[in-house]
Amino acid sequence: MNSSFFVIGKVVNETLRLGNVVRFLHRKAIKDVRYKGYDIPRGWKVLPVVSAVNMDPSLFDQPHQFNPWRWQGNSKSGSLEKGRNNWMPFGGGSRMCTGSDLAKLEIGVFIHHLVLNCNWQLAEPDPPLAYPFVDFPKGLPIKAQIHTLI
């Protein structure tokens, strides 16, 4: 496999960390829980904010900065650590999205072809709102022009 595709894998991970589609999950407490001084009774609806995990400075150095290289090491900078829910763009646990690997592969192939075959730019200025999740109020329109050989 081409080494540039491994770089794209890092770009995909970082893109999903900053702008993941799943911002929060709907869950129900299966038992009584005490968390940070608050009682959550069994049966109550719980709304974990996944994007807040992805932006947690105790898990990711400079969490608001786009840095694909954070995914190459084993440090706090952002590597995936087995058994920890410190990166959750597809949810987590037994209800994690079963298509996550296929989705990451498709995103990577799309980015690979977009970067190699097109010149692209923002269609209009649209600064993101970055916390607790990245949001573009108007979407993120881009202009792409396919490279020509002539």
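The values are calculated or read from the model by the stated rules, or taken from the named source; none is laboratory data. These figures come from a predicted structure and were not determined experimentally. Cβ sites come from the backbone with ideal geometry, for glycine too, and all protein chains shown count toward neighbours.
Summary of computed values
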read-out: Any hit, the range 9-20, residues being in a strand (DSSP E or B), under 22 Å from Phe90 (Cβ atoms) and not hydroxyl-bearing (Ser, Thr, Tyr); value: no
read-out: Only one of Phe6, Phe24 that is closer than 19 Å to Ala103 by Cβ and without any contact (Cβ under 8 Å) to a residue 24 or more places away in the chain; value: Phe6
read-out: Among residues of the range 23-47, those that are assigned to a strand (DSSP E or B), more than 25 Å from the chain's Cα centre (by Cα) and surrounded by 11 or more Cβ atoms within 10 Å (Cβ to Cβ), counted; value: 2
read-out: Residue selected from the range 49-72 under the condition under 13 Å from Phe90 (Cα atoms) and of a type outside the set (A, V, I, L, M, F, W, C), by the criterion surrounded by the fewest Cβ atoms within 10 Å (Cβ to Cβ); value: Ser51
read-out: Flag for Ile30 being under 27 Å from Ser94 (Cβ atoms), touching a strand residue (DSSP E or B) at 6+ places or on another chain (Cβ under 8 Å) and at pLDDT 85 or above; value: no
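Residue-by-condition table, conditions (1) at pLDDT below 75; (2) in contact with a Pro (Cβ under 8 Å, 6 or more places away or on another chain); (3) surrounded by 15 or more Cβ atoms within 10 Å (Cβ to Cβ):
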{"position": "Ser75", "(1), (2), (3)": "yes, no, no"}
{"position": "Glu81", "(1), (2), (3)": "yes, no, no"}
{"position": "Trp87", "(1), (2), (3)": "no, no, yes"}
{"position": "Arg95", "(1), (2), (3)": "no, no, no"}
{"position": "Lys104", "(1), (2), (3)": "no, no, yes"}
